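Some notes on the structure that comes next.
Quick note: the coordinates plus some simple rules give every number you see, no bench work behind them. In this text, all values refer to a predicted model and were calculated from it rather than measured experimentally. With ideal geometry, Cβ positions are generated from the backbone for all residues, glycine too; neighbour counts draw on all protein chains shown.
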Amino acid sequence: MEAKKPASTAAETSAATGATVKKTAKAPPHQVALPNYPSVRQLSELLSVSSIEVIKQLMRRGIMANINQVIDFENAVLVAHDFGFEAVALPVKSTRAGARQVSQEDKAALRPRPPVVTIMGHVDHGKTKLLDAIRKTNVVATEAGGITQHIGAYQVEVDGRRITFLDTPGHEAFTAMRARGARVTDIAVLVVAADDGVMPQTVEAIDHARAAGVPIVVALNKIDKANANPERVKQQLAERGLVIEEWGGDVICVPVSAKMGQGISDLLENILVVAEVAELKADPEQLAEGVVIEAKLDKTRGPLATILVQDGMLKEGDRVLAGSSWGRIKAMFNDKGKRIKRAEPATPVEILGLNTVPQAGDRFQVAADDRVLKEMVQQHQAEKETTKSMSLSELASKISAGEVKELNVVLKTDVQGSIEPIKASLERLKTEKAKVGLIHTSSGSITESDVLLALASRGIIVGFNTSVEPGARRQAEAEGVDIRLYNIIYELVEDVEKALRGLVEPSYSEVVEGHAEVRAVFGSSKGRKVAGIYVTDGRLYRSALVRVLRQGQVLHQAQVDSLRRFKEDVREVGAGFEAGLGLEGFYSFEVGDIIEAYRREKKAG
């Protein structure tokens, strides 16, 4: 024993001086106690390394995580090992005064919690009416036009067991939370009308739920209608990869009628069955953490936030950090508006006391004291940029370094018929380092929902013969989501293949210069058709690159051939002015067509 003492002392001396010492087989690793599901922030604090370094190690294992994301114990152990630590399953979270210090494996510490369920589906398939039937309250009658206007969170009790429902206005809100690092939902209930079948928004909801990795329970609604055709709907679901149990699959499908109240109890029982299989548990003895569901500024009470407690026990008076907002909880209300003093895991509550209004999807954490809260605020500000998406070139670099195993792609095309050949070509692409993951495919223009899905999945958007809606373009620029537009399939496939091989060169981004509307069509002296246009925003100039859009579809892309005002050639026309416009090789203008002018700029990464 004495012979080993000098070596140990030398190692300690080197550590104290900051020298880098390579570990040998004889040097025992440091021990670190990890919770069952630590967040990236917690793990970085426990290992005394920056959260950026933890994120890098996770990326090398193909896990795309941000600072607030929760990871499983097995991956946390591997990351700890990368930094020279031996991980053990012991409590490391801050606990309240008097709370028991117990092992995560101690069954007394982890208690079953209610499942958190999101209702998703097409806009008029009865999502809110179904929730209304479940809650036995009339929500629809109090909302404008019968459409859900905000995100709500409610709890119901079934045979002594509780279920928490999130009532979202659509899968966009669901994915917006994921984009901000919030794993909110345990189960997604997909509402499909038996008389209407699978619609485009139904397909989007399926893709969003799959991308989130949550089990799907199908609620086959409106079975009371005379033209209901459940078998046809089941076939459509199977075509989308949702094979129900009676057809030999693993997806639970429950026939219901929200209007008549049929099948509601069966649906709730099946939700509880899925929850039992998932073994959802939390530790109410810990300091609370969770996610912001919605927030608003009340004229009399100030910032109000509806939050979902995911772990721990939230108490009135707790110091809370929610995204960039912070404060001390002055009052807390449950989903029925009753003031409460504490909230258990999987409980939605409205809190009062934050300094500003947080955003939906922001993580919230309780700090042990004011000093810890201040440190958490500072760290959040310093590391806020870690949730940004990556460009195709950046992803190619990560793939080349072995840090990313899958290139997630949202594919949008001009028509439905273009999807299959492109999809088949992309799915064939595979290297020893990575493969393509098509998380959503559909026809039409690129929307904000597509941007959110790409952001949440840390992927890119690929468009073929389609356009980008202005709101989607602004959001993509703000969030750093890469949108690639193509007119030739082989160029699209070639670029994605290069990304998989880590060979992508700096790309070109499009900057929209302006839009004009075709208000008249004239014949010219040369027998060609010229468009009489009104510039609605930005500017159009001679020799500009433009695309002709008709009902959102790209008809033609060309250069401006002629631009005239009052028979005079002009260099450019600004917003609010009319002009005559001719394009190279295009003479099929129609009144109502939109002319979008743009330029291409080379960008690094």
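Once the C-beta distance of Phe522 and Gln553 is scaled by a Förster radius of 25 Å, the resulting FRET efficiency is 0.60 to the nearest 0.05. Using alpha carbons only, the radius of gyration of region 253-363 set against its Kirkwood radius gives Rg/Rh = 1.07. Remark: region 201-281 projects, on average over all directions, an area of 6.1 nm² (convex hull of Cα atoms). Here the relative contact order of region 392-505, from alpha carbon pairs under 8 Å that lie six or more residues apart, stands at 35 percent. By the equivalent-ellipsoid construction on the alpha carbon gyration tensor, region 452-499 comes out with semi-axes of 20, 14, 7 Å, ordered largest to smallest.
Across region 453-599, the mean sequence separation of Cα contacts (distance under 8 Å, 6 or more residues apart), normalised by length, yields a relative contact order of 24 percent. Applying 1/(1 + (r/R0)^6) with r as the Cβ-Cβ distance of Lys374 and Ala424 and R0 = 45 angstrom yields a FRET efficiency of 0.25. Here the calculated FRET efficiency for Leu78 and Lys567, from their Cβ-Cβ distance with R0 = 56 Å, stands at 0.15, rounded to the nearest 0.05. Between their Cα atoms, which of Lys234/Lys281; Lys129/Lys296; Lys330/Lys374; Lys299/Lys336 are more than 27 Å away from each other? Over 27 Å apart, Cα to Cα: Lys234/Lys281.
Using the 10 angstrom Cβ neighbour count as an exposure proxy, how do Trp247, Trp326 rank, fewest first?
Fewest-to-most Cβ neighbours within 10 Å comes out as Trp247, Trp326.
Once a ≥ b ≥ c are taken as the square roots of the eigenvalues of the Cα gyration tensor of region 392-505, is the result rounded (a/c under 1.5), prolate (a/b larger than b/c) or oblate (a/b not larger than b/c)? Because a/c hits 1.5 or more and a/b fails to exceed b/c, region 392-505 counts as oblate. Quick note on region 433-569: its Rg to Rh ratio, both from C-alpha atoms and Rh being the Kirkwood radius, is 1.04. Considering every alpha-carbon pair of region 518-605, the percent of pairs per 10 Å bin, from zero through the bin containing the longest distance, is 17, 54, 23, 5, 1. When you filter the GluC sites (Glu not before Pro) in region 238-314 for DSSP loop state and at most 13 other Cβ atoms inside 10 Å of their Cβ, you are left with Glu279.
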